[in-house]
Amino acid sequence: MKKTRIPSTKGLSRRTVMKAAGAAALASALPFPALAKERVIKLGYVSPQTGPLAPFAEADNFTFDMVKKAIGDGVQIGGKTHPVEIVVKDSQSNPNRAAEVAADLINGDKIDLMLVGNTPETTNPVGDQCEVNEVPCLSSLAPWQPWFFTRGGDPAKGFTWTYHYFWGLEDIIAVFLNMWDKVPTNKSVGGLFPNDGDGNAWGDAERGFPKPLAAKGYTLHDPGRYQNLSDDFSAQISAFKKDSCEIVTGVVIPPDWTTFWKQAKQQGFAPKAASIGKALLFPVAIEALGDAGNNLSSEIWWSPSHPFKSSLTGMSAGDLAGAYTAATGKQWTQPIGFAHSLFEVAVDTLKRTEDIGDRKSVLDALTKTKLDTVVGPIAWGSGPVKNVAKTPLVGGQWRLGGQFKYDLVITSNETATNIPVGGDMQPIA
């Protein structure tokens, strides 16, 4: 049997030998440093992957794959690599469900930072859960007024744990007015406002569309709130015809706009311009209209033409849109940029967090964000309220033709001249 040679202790003091033995015993009781695994950071993410708002989440899986590839083994914080886990929950396009899964992420998954977007029906209940439970929350893809005021926000105080970036009603009103000014009309506008967070904000007499439109010589005719997923818009169409509306505006979920527009055609209502928030953002919603979607107009938050690039991957807006089409075979869609940017801000926040595991430390880093992203620069401190940072907005129309059935063309950039136009505004044929 082979003998193991034991080093001689000759020449060493008893104290030295005992100290070495003690150190060896201690080392055997602790994890070996080279094998120690740094704390996993958990990002919670809530989006409407099913239900009527599902088009907002169409690019989610593409975004997750790209972010995971960009992060790799983890995020470098204080010289250590922390693995990052994205925990995803489906709101099912239901505000109550959004609140429920947010609570699960906070109390069950013990997330470090919440990410959420895709209309106030998703951002607001999730934000409220984070505010109550003192968890930092980053949100986007909802105009700031329905995100802030619907939650009872006080401009003098703001919120503590929830921070948001997007444009506001003042921006979309300016964009819509700029587009309408390019089309000869009688300036009579019919308003389609549902009984939800967006609809109530857009139609609000003080903070919504009525006053700014009146100041520019437009008359808004509001027949009242309707319920989402309505199957009959005859009352609204009749009211718009009675008031000789040559423009229609509003904030409508995709299936409701399909119903309204088809019924408008059937009932002989043919406005010269239709600028609709939410419903006209997505290629799939426009394609559902057949050829009747030509020259419908919408706000444009993000496009391949936007002159920004990702802080996470270095990709330009055009590169990111092209990568989505290459990976999925589908046409680019506006939420791609903002879903990606949520993770840009999240990773940047984590890198600057001094004490991972301390939610107040994460919050402190979040509030100090100054980052150029694929949707533009994001920094809090100069917004309309302390919790809001604004991103640029332009407007455009859907045109038949091109690689896909429709192409979204920027026709108005007066509100953000660094984003180039791609064509002139045209009346609906």
- In the range 40-59, residue surrounded by the most Cβ atoms within 10 Å (Cβ to Cβ) [restricted to those that are small (G, A, S) and under 17 Å from R97 (Cα atoms)]: S47
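Which residues, taken from the range 110-123, are within 27 Å of G337 (Cβ to Cβ) and either not acidic (D, E) or not assigned by TED's automatic domain parsing to the domain that holds A57 (or both)?
Within the range 110-123, I111, L113, M114, L115, V116, G117, N118, T119, P120, T122, T123 qualify.
Results for (1) farther than 19 Å from V87 by Cα; (2) buried (at least 24 other Cβ atoms within 10 Å of the Cβ); (3) aliphatic (A, V, I, L, M), shown as yes or no for each residue.
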site: N107; (1), (2), (3): no, no, no
site: G117; (1), (2), (3): no, yes, no
site: T122; (1), (2), (3): no, yes, no
site: L138; (1), (2), (3): no, yes, yes
site: L141; (1), (2), (3): yes, yes, yes
- Among the residues of the range 180-188, is there at least one that is in contact with a His (Cβ under 9 Å, 6 or more places away or on another chain) and more than 25 Å from A54 (Cα to Cα)? yes
- Query: In this structure, is N107 more than 22 Å from G337 (Cβ to Cβ) and among the polar types (S, T, N, Q)?
  - Reply: yes
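This table checks each residue for (1) under 30 Å from Q76 (Cβ atoms); (2) surrounded by fewer than 18 Cβ atoms within 10 Å (Cβ to Cβ); (3) of a type in the set (D, E).
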| residue | (1), (2), (3) |
| --- | --- |
| A270 | no, yes, no |
| I276 | no, no, no |
| L280 | no, no, no |
| E287 | no, yes, yes |
| G290 | no, yes, no |
| E299 | no, no, yes |
| L312 | yes, no, no |
| S316 | yes, yes, no |
| A321 | yes, no, no |
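Can you name every residue in the range 276-300 that is in a loop (DSSP other than H, G, I, E, B), at pLDDT 95 or above and touching a Ser or Thr at 6+ places or on another chain (Cβ under 9 Å)?
Keep residues of the range 276-300 that are in a loop (DSSP other than H, G, I, E, B), which gives 282, 288-289, 294-296.
Narrowing further to those that are at pLDDT 95 or above: 294-296.
Passing the criteria: only L296.
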- Would you confirm whether any residue within the range 161-183 is free of Cβ contacts under 8 Å to residues at least 12 places away in the same chain, assigned to a loop (DSSP other than H, G, I, E, B) and either among the small types (G, A, S) or not assigned by TED's automatic domain parsing to the domain that holds N200 (or both)? no
- Task: Please work out which residue is surrounded by the fewest Cβ atoms within 10 Å (Cβ to Cβ), limiting yourself to the range 386-417 and to residues that are of a type in the set (G, A, S) and modelled with pLDDT under 95.
- Result: G401
- Applying the selection to the range 209-242, what residues are under 29 Å from the mean Cα position of the chain (by Cα), surrounded by fewer than 16 Cβ atoms within 10 Å (Cβ to Cβ) and of a type in the set (D, E)? D231
- Subset of the range 184-203, residues part of a helix (DSSP H, G or I) and either in contact with a Lys or Arg (Cβ under 6 Å, 6 or more places away or on another chain) or surrounded by 20 or more Cβ atoms within 10 Å (Cβ to Cβ) (or both), comes to G197, D198, G199, A201, W202
- Message: Which numbered condition in (1) under 27 Å from P392 (Cβ atoms); (2) surrounded by 24 or more Cβ atoms within 10 Å (Cβ to Cβ); (3) not aromatic (F, W, Y) is the only one that I111 fails?
- Response: (1)
- Among the residues of the range 366-385, which ones are in contact (Cβ under 8 Å) with a residue 12 or more places away in the chain, loosely packed, with under 15 Cβ neighbours inside 10 Å and more than 18 Å from E344 (Cβ to Cβ)? P384
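Only helices (runs of 4 or more DSSP H) wholly contained in the range 46-134 count here; list those with 3 or more residues that are closer than 23 Å to N387 by Cβ.
95-107, 120-133
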- Would you pick out the residues in the range 317-343 that are in contact (Cβ under 8 Å) with a residue 12 or more places away in the chain and outside any helix (DSSP H, G or I)? K330, Q331, W332, T333, Q334
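Just to check your reading of the model, which residue among A285, A274, A264 is more than 26 Å from the chain's Cα centre (by Cα) and either in the same structural domain as P223 (by TED's automatic domain parsing) or more than 30 Å from K370 (Cβ to Cβ) (or both)?
Values: A285 fails: more than 26 Å from the chain's Cα centre (by Cα); A274 fails: more than 26 Å from the chain's Cα centre (by Cα).
Checking each option against the conditions leaves just A264.
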- Message: Can you pull out every residue in the range 96-127 that is more than 16 Å from W161 (Cα to Cα) and touching a residue at least 60 places away in the same chain (Cβ under 8 Å)?
- Response: D109, N118, T119, P120, E121, T122
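The values are calculated or read from the model by the stated rules, or taken from the named source; none is laboratory data. Keep in mind the model is a prediction, meaning the values are calculated, not measured. Note that we place each Cβ from the backbone using ideal geometry, even for glycine, and neighbour counts take in every protein chain shown.
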